[in-house]
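Asks: My questions all concern the structure below.
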Amino acid sequence: MPHFAPVRVRSGLLRSGRLVRHRRRAAALGLAVTAVALVAAGPRETDRPRGHPDGASGTRVASASAAPADGPPGARVTAPVRIADSATVRLLRPGDRVDVIAAGERGAGGAADGGSRVVARGARVTEVPEPPETPDAGGALVVLSVPRATAAELAGASTTARLAVTLW
């Protein structure tokens, strides 16, 4: 390997006091670069409406079957569910796994068939909101993380049956 002369770094920047004199400019430049980086890395679709957009007009569609799903088929969504027994909901904590059961569903004629079915298996509890000041017979709300298809089933079952949960 050939012999090289040692590299000597001149400290003219520190000797001349340039760094001290231009400290404010350097700080302002650093803040500006940071702001630009944060804007560039920020969310891209902040003004996008929630829900399923209708093809050309950009308005929401009431029926989920009329528009394609926005995410992958196995994407999880949060679904608020009203459970009939509010005392059971008080036992739940975020992170718990539950099965949601629809009991006493009403058929097409409006008569209860007396049966029950499991609507959601292994749903994760994400939030248990505080109950309102005045207790009513309507049950209590719990927010679950479930696949998109299961959320649609939960919404449908809550209109025709009383929902209950079992802890895992």
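The values are calculated or read from the model by the stated rules, or taken from the named source; none is laboratory data. Computed from a prediction, not measured in an experiment: that's the story for all the values here. Backbone-built Cβ (ideal geometry, glycine too); neighbour counts: all protein chains shown.
Asks: Report, by residue number, each residue of region 126-154 that is among the aliphatic types (A, V, I, L, M) and either modelled with pLDDT of 90 or more or touching a helix residue (DSSP H, G or I) at 6+ places or on another chain (Cβ under 8 Å) (or both).
Replies: Going through region 126-154, the residues among the aliphatic types (A, V, I, L, M) turn out to be 128, 137, 140-144, 146, 149, 151-152, 154.
Residues satisfying the conditions are V128, A140, L141, V142, V143, L144, V146, A151, A152, L154.
Asks: Related question: Filter region 136-165 for residues that are over 17 Å from the mean Cα position of the chain (by Cα) and farther than 20 Å from D96 by Cα and give the result.
Replies: D136, A137, G138, E153, A155, G156, A157, S158, T159, T160, A161, R162
Asks: Hey, another quick one. Using the structure shown, decide if A84 is touching a helix residue (DSSP H, G or I) at 6+ places or on another chain (Cβ under 6 Å) and either modelled with pLDDT of 90 or more or surrounded by 14 or more Cβ atoms within 10 Å (Cβ to Cβ) (or both). Please lay out each step first, then the result.
Replies: On the way: touching a helix residue (DSSP H, G or I) at 6+ places or on another chain (Cβ under 6 Å): no; either modelled with pLDDT of 90 or more or surrounded by 14 or more Cβ atoms within 10 Å (Cβ to Cβ) (or both): yes.
In short, no.
Asks: Would you confirm whether any residue within region 113-125 is in contact with a Pro (Cβ under 8 Å, 6 or more places away or on another chain), closer than 20 Å to A79 by Cα and at pLDDT 75 or above?
Replies: yes
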